[in-house]
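In what follows, a single structure is set out as C-alpha cells and then discussed.
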Amino acid sequence: MIRTAYPTPPVRQLRLQLELVTRRTRRALFDRCRALRLSTAEEMVERDSYAGYLRRRETIQQTRSIYDMFEKRFDGLVGVVCYAAQEGLTPEAEDDFSEHRAWFLEHYKTIRPYLAPHETPDESDVIPTHWGMRNCDTFEALFLPPSIHTMLEWDNGCLIDRLTRAQNAAMGWYEQLRCEEKDCL
C-alpha cells in the first residue's frame with residue numbers, strides 16, 4: 001500500500017506560505033499603484049482644466065480691458081467727427097482728432113483682430129494717399145486721413161454709413177465678448 005498523505009515538511013510549508021504572502025502583497029501593491037496612477041491622472045486632468053479655465057478667464061479679462069479702452073477712444077473719435085461735420089472745422093476739433101488718431105495708429109494692430117470678423121466691407125472705405133485712393137477697412141477710413149478736414153473733404157457723403165458700420169462692428173465685438181464672459185462664469 002502506498003501512502004500519499006504524508007505531512008508536508010515544515011520548511012516547505014513555510015516556503016509556500018511565504019510565496020502566498022508575497023503574491024498577495026505584490027498584487028495589493030500593484031492595485032494600489034494602479035489606483036494611484038489613475039487618481040493622479042484624474043487630478044492632472046482636473047488641474048489642467050482648472051488651469052485652462054483660469055487662462056481663459058484671464059484672456060477674457062484682458063480682452064475686456066482692451067475693449068473698454070477702444071470704446072472710450074472710439075466714442076471720442078465719433079464725437080469729434082460728428083461735431084466737425086455738423087459745426088464745421090475748428091482748431092480744437094483738429095487737435096482732438098489728431099489725439100484720437102495717434103492713439104488708433106498705435107493700438108489698432110491689437111484691436112483689429114477683434115473687430116475684423118464683425119466688419120462689413122464697403123467700396124466707399126478709401127483714403128487719399130500720394131498715389132491716389134487706397135482701400136482700407138471701416139475704422140481705418142475714420143482715423144487714417146491726416147486731418148479731419150481731409151477726411152470730410154474726401155468723404156463723398158458716405159460718413160454716416162461708415163459710422164453706422166463701424167458702430168455695428170463694435171457692437172458685434174461687444175456681444176461676442178459678453179457671451180464669452182457669460183460662458184466663463
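At-a-glance table
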| read-out | value |
| --- | --- |
| Count of segment 130-143 residues which are free of Cβ contacts under 8 Å to residues at least 24 places away in the same chain, aliphatic (A, V, I, L, M) and surrounded by 14 or more Cβ atoms within 10 Å (Cβ to Cβ) | 1 |
| Residue in segment 74-88 that is more than 25 Å from Glu181 (Cβ to Cβ), in contact with a Leu (Cβ under 8 Å, 6 or more places away or on another chain) and either of a type in the set (Asp, Glu) or without any contact (Cβ under 8 Å) to a residue 60 or more places away in the chain (or both) present | no |
| Evaluation of Leu89 against (1) of a type in the set (A, V, I, L, M); (2) under 30 Å from Glu175 (Cα atoms); (3) surrounded by 15 or more Cβ atoms within 10 Å (Cβ to Cβ) (one fails), failing number | (2) |
| In segment 137-162, residue farthest from Tyr114 (Cα to Cα) [restricted to those that are among the acidic types (Asp, Glu) and either in a loop (DSSP other than H, G, I, E, B) or at pLDDT below 85 (or both)] | Glu153 |
| Single condition Ile127 does not satisfy, out of (1) without any contact (Cβ under 8 Å) to a residue 40 or more places away in the chain; (2) assigned to a helix (DSSP H, G or I); (3) within 29 Å of Glu92 (Cα to Cα) | (2) |
| Selection status of Pro117, within 15 Å of Trp173 (Cβ to Cβ), in contact (Cβ under 8 Å) with a residue 40 or more places away in the chain and surrounded by fewer than 15 Cβ atoms within 10 Å (Cβ to Cβ) | yes |
| Residues that are surrounded by fewer than 16 Cβ atoms within 10 Å (Cβ to Cβ) and under 16 Å from Lys72 (Cα atoms), drawn from segment 159-173 | Gln167, Asn168, Met171 |
| Candidates Arg134, Arg165 - the one that is under 20 Å from Arg101 (Cβ atoms), more than 22 Å from the chain's Cα centre (by Cα) and at pLDDT 90 or above | Arg165 |
| Among (1) over 15 Å from Gly76 (Cα atoms); (2) assigned to a helix (DSSP H, G or I); (3) of a type outside the set (Lys, Arg) - the single one Asp95 does not satisfy | (1) |
| Those residues of segment 144-153 which are out of contact with any helix residue (DSSP H, G or I) (no Cβ under 9 Å at 6 or more places or on another chain) and either without any contact (Cβ under 8 Å) to a residue 12 or more places away in the chain or closer than 18 Å to Pro121 by Cβ (or both), in sequence order | Glu153 |
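The values are calculated or read from the model by the stated rules, or taken from the named source; none is laboratory data. Only a predicted model underlies this, so the values are computations on that prediction, with no experimental measurement involved. Every residue, glycine as well, gets a Cβ built from its backbone with ideal geometry; the counts of neighbours run over all protein chains shown.
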